[in-house]
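Step one of this worksheet: look at the structure below.
The values are calculated or read from the model by the stated rules, or taken from the named source; none is laboratory data. Keep in mind that this is a model prediction, so the values were computed, not measured. Neighbour counts are summed over all protein chains in view; Cβ atoms, including those assigned to glycine, are modelled from backbone coordinates with ideal geometry.
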């Protein structure tokens, strides 16, 4: 009787129906010459899990397990074929598949959590050297390469939206594209998303937000709010404010003009300058809002974890298309590994799950467990026999 391998159990979480529809939509198999999109995706996920460092290593490691290929729906891989696929197969297929999985994670968050909290940020992927000349055209002072923009739910420890752009695309522009404000949800972000009109759009949708206020922002204090005695060493100011101008930065219209916001000044231990926060949340305490902004650090830790444990620092191809495919496959791998952990190994951390895959990716856990129980029963039976007939 066939039992699925650990890798097969992981890939079972990939929705085959939607993937097939996306392949047709993007015409990804139109000129595949035998190496279809499914084989491409499986190979790239395997590359993320196995920790290989080159196409040659990937070819050797993947083909060494040829007896598993049939059950995975793939065939033997050649590094030249995979290299050509990374260059020529549109990364839009992998972006769409990633969005499909992220949408599932988003639905899970909305279903299971009553109060949604979302963190927004981006992280640079530096790309310099031979083969990455294309990245120079869009470089900025901050980075030469790509930016990974992401929205995560810290309570569920899951990304719910993601997009990869050139380094010169502003964070705010991407946020306006991927964020569909949810009523009752709270969005936490930094100064990269500084736009009064966008803040007001969140407010109109019934969403809450917490961010930083620039020190030169033209505002006036409308009302002083009472600060609890126990919070005075942390909360320096809690006031209701209004903007003094109907124009924002660059002469844009300030849609928040004439409406009130809440400004909270929070002390930072060991630093001379406090943090100035602004929010449309009028119900939470100042300390709770301060704690919400502090959670923004979680998305920084998430990006750090991704770069340390998945393959998004060194790439198997150097074209823009190949790099994007690998990054999207890293996000796909994270989501699949999260599902695998929840179903099969909830008692260990996600990092340990990846370690398990790295060293034991093609084992068959059910067969191993069955053999272990069988050996244990035989051993116990032998011991009972020895005790019963011992002289």
Exactly one of 50, 83 is in contact with a helix residue (DSSP H, G or I) (Cβ under 8 Å, 6 or more places away or on another chain), in contact (Cβ under 8 Å) with a residue 24 or more places away in the chain and more than 26 Å from residue 4 (Cβ to Cβ), and that one is 83
query: Is segment 115-122 home to any residue that is exposed (fewer than 15 other Cβ atoms within 10 Å of the Cβ), out of contact with any helix residue (DSSP H, G or I) (no Cβ under 6 Å at 6 or more places or on another chain) and modelled with pLDDT under 90?
result: yes
Exactly one of 4, 75, 28 is part of a loop (DSSP other than H, G, I, E, B), buried (at least 21 other Cβ atoms within 10 Å of the Cβ) and either in contact with a strand residue (DSSP E or B) (Cβ under 6 Å, 6 or more places away or on another chain) or at pLDDT below 95 (or both), and that residue is 28
Looking across segment 243-259 at residues that are over 22 Å from residue 205 (Cβ atoms) and outside any loop (DSSP other than H, G, I, E, B), the single one that is modelled with the lowest pLDDT is 250
**Message:** Any residue at all in segment 260-278 that's in contact with a strand residue (DSSP E or B) (Cβ under 9 Å, 6 or more places away or on another chain), in a loop (DSSP other than H, G, I, E, B), buried (at least 16 other Cβ atoms within 10 Å of the Cβ) and touching a residue at least 60 places away in the same chain (Cβ under 8 Å)?
**Reply:** no
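Of these, 318, 287, which one is surrounded by 15 or more Cβ atoms within 10 Å (Cβ to Cβ), under 30 Å from residue 57 (Cα atoms) and more than 22 Å from the chain's Cα centre (by Cα)? Before you say what the answer is, go through the steps one by one.
On the way: 287 fails: under 30 Å from residue 57 (Cα atoms).
Of 318, 287, the one residue that is surrounded by 15 or more Cβ atoms within 10 Å (Cβ to Cβ), under 30 Å from residue 57 (Cα atoms) and more than 22 Å from the chain's Cα centre (by Cα) is 318.
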When segment 180-194 is checked residue by residue, the ones that are in contact with a helix residue (DSSP H, G or I) (Cβ under 8 Å, 6 or more places away or on another chain) and either assigned to a helix (DSSP H, G or I) or buried (at least 21 other Cβ atoms within 10 Å of the Cβ) (or both) are 186, 187, 188, 189, 192, 193
Checked segment 215-242 for anything part of a loop (DSSP other than H, G, I, E, B), closer than 21 Å to residue 295 by Cα and touching a residue at least 40 places away in the same chain (Cβ under 8 Å); matches are 234
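Part of a loop (DSSP other than H, G, I, E, B), buried (at least 19 other Cβ atoms within 10 Å of the Cβ), in contact with a helix residue (DSSP H, G or I) (Cβ under 8 Å, 6 or more places away or on another chain) and at negative phi - does that describe any residue in segment 160-178? Steps first, please.
Step one: of segment 160-178, the residues part of a loop (DSSP other than H, G, I, E, B) are 167-170.
Narrowing further to those that are buried (at least 19 other Cβ atoms within 10 Å of the Cβ): 167.
Keeping just the survivors that are in contact with a helix residue (DSSP H, G or I) (Cβ under 8 Å, 6 or more places away or on another chain) gives 167.
Subsequent filtering for residues that are at negative phi retains 167.
Yes, segment 160-178 contains a residue that is part of a loop (DSSP other than H, G, I, E, B), buried (at least 19 other Cβ atoms within 10 Å of the Cβ), in contact with a helix residue (DSSP H, G or I) (Cβ under 8 Å, 6 or more places away or on another chain) and at negative phi.
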Out of (1) buried (at least 19 other Cβ atoms within 10 Å of the Cβ); (2) free of Cβ contacts under 8 Å to residues at least 24 places away in the same chain, the one residue 42 does not meet is (2)
Exception for residue 97 within (1) assigned to a helix (DSSP H, G or I); (2) in contact with a helix residue (DSSP H, G or I) (Cβ under 9 Å, 6 or more places away or on another chain); (3) over 22 Å from residue 19 (Cβ atoms) falls at (3)
Cβ pairs under 6 Å, 6+ apart or interchain, first in segment 22-33 and in contact (Cβ under 8 Å) with a residue 12 or more places away in the chain, second surrounded by fewer than 19 Cβ atoms within 10 Å (Cβ to Cβ) and assigned to a helix (DSSP H, G or I), ordered by first then second residue, are 26/92
